[in-house]
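The values are calculated or read from the model by the stated rules, or taken from the named source; none is laboratory data. Small disclaimer: the values here were computed from a predicted structure and weren't measured. Note that each Cβ is placed from the backbone with ideal geometry, even for glycine, and that neighbours are counted across all protein chains shown. SASA here: full protein model, heavy atoms, side chains in, ligands and nucleic acids out. Shrake-Rupley method; radii C 1.70, N 1.55, O 1.52, S 1.80 Å.
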Amino acid sequence: MVSLPEGLVARPMRREDVEKAVEMFNACTQRLIGVSMENVEEDLAMWSQLGFDMETDTLVVFTPGGQLVGYAELWDVADPHVRPFGWAR
């Protein structure tokens, strides 16, 4: 269960969120290392990999105005399922 401040909404990522997610990821990398590293096509291809399901493996957080302010993913696509990988922004 996710507990968020009032007004914020968490749900699984959807394909229509990809552009907002890439924009947020690039804002983070610009701030951290001065470059944009993500693009819509590559990220969609990554999230389309066999065994990865955006419905169960991602979580996005939106403000009441619809701005994406948080993202998390968990990768556990290889047998044996003993080394999951998580990433968040």
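On the given criteria, is VAL22 touching a residue at least 60 places away in the same chain (Cβ under 8 Å) and outside any loop (DSSP other than H, G, I, E, B)?
no
Any idea which of (1) part of a helix (DSSP H, G or I); (2) in contact with a Phe, Trp or Tyr (Cβ under 8 Å, 6 or more places away or on another chain) is the one THR29 doesn't satisfy?
THR29 satisfies all of (1) part of a helix (DSSP H, G or I); (2) in contact with a Phe, Trp or Tyr (Cβ under 8 Å, 6 or more places away or on another chain) except (2).
Which of the residues that make up the stretch 53-65 are farther than 11 Å from PRO12 by Cα and either open to solvent by 40 Å² or more (accessible area, probe 1.4 Å) or at pLDDT below 95 (or both)?
Within the stretch 53-65, PRO64, GLY65 qualify.
Yes or no: the stretch 80-87 includes at least one residue that is in contact (Cβ under 8 Å) with a residue 24 or more places away in the chain, open to solvent by 90 Å² or more (accessible area, probe 1.4 Å) and over 28 Å from SER3 (Cα atoms).
No, there is no match, as no residue in the stretch 80-87 is in contact (Cβ under 8 Å) with a residue 24 or more places away in the chain, open to solvent by 90 Å² or more (accessible area, probe 1.4 Å) and over 28 Å from SER3 (Cα atoms).
Assuming GLY70 fulfils every condition listed in (1) part of a helix (DSSP H, G or I); (2) open to solvent by less than 70 Å² (accessible area, probe 1.4 Å) apart from one, which condition is it?
Among (1) part of a helix (DSSP H, G or I); (2) open to solvent by less than 70 Å² (accessible area, probe 1.4 Å), the lone unmet condition for GLY70 is (1).
Given the conditions (1) farther than 17 Å from GLY86 by Cα; (2) charged (D, E, K, R); (3) open to solvent by less than 50 Å² (accessible area, probe 1.4 Å), which single one is not true for GLU42?
(3)
Hey, among the residues in the stretch 1-20 that are farther than 15 Å from ASP57 by Cα and not charged (D, E, K, R), which one's surrounded by the most Cβ atoms within 10 Å (Cβ to Cβ)?
Top of the filtered list is LEU8.
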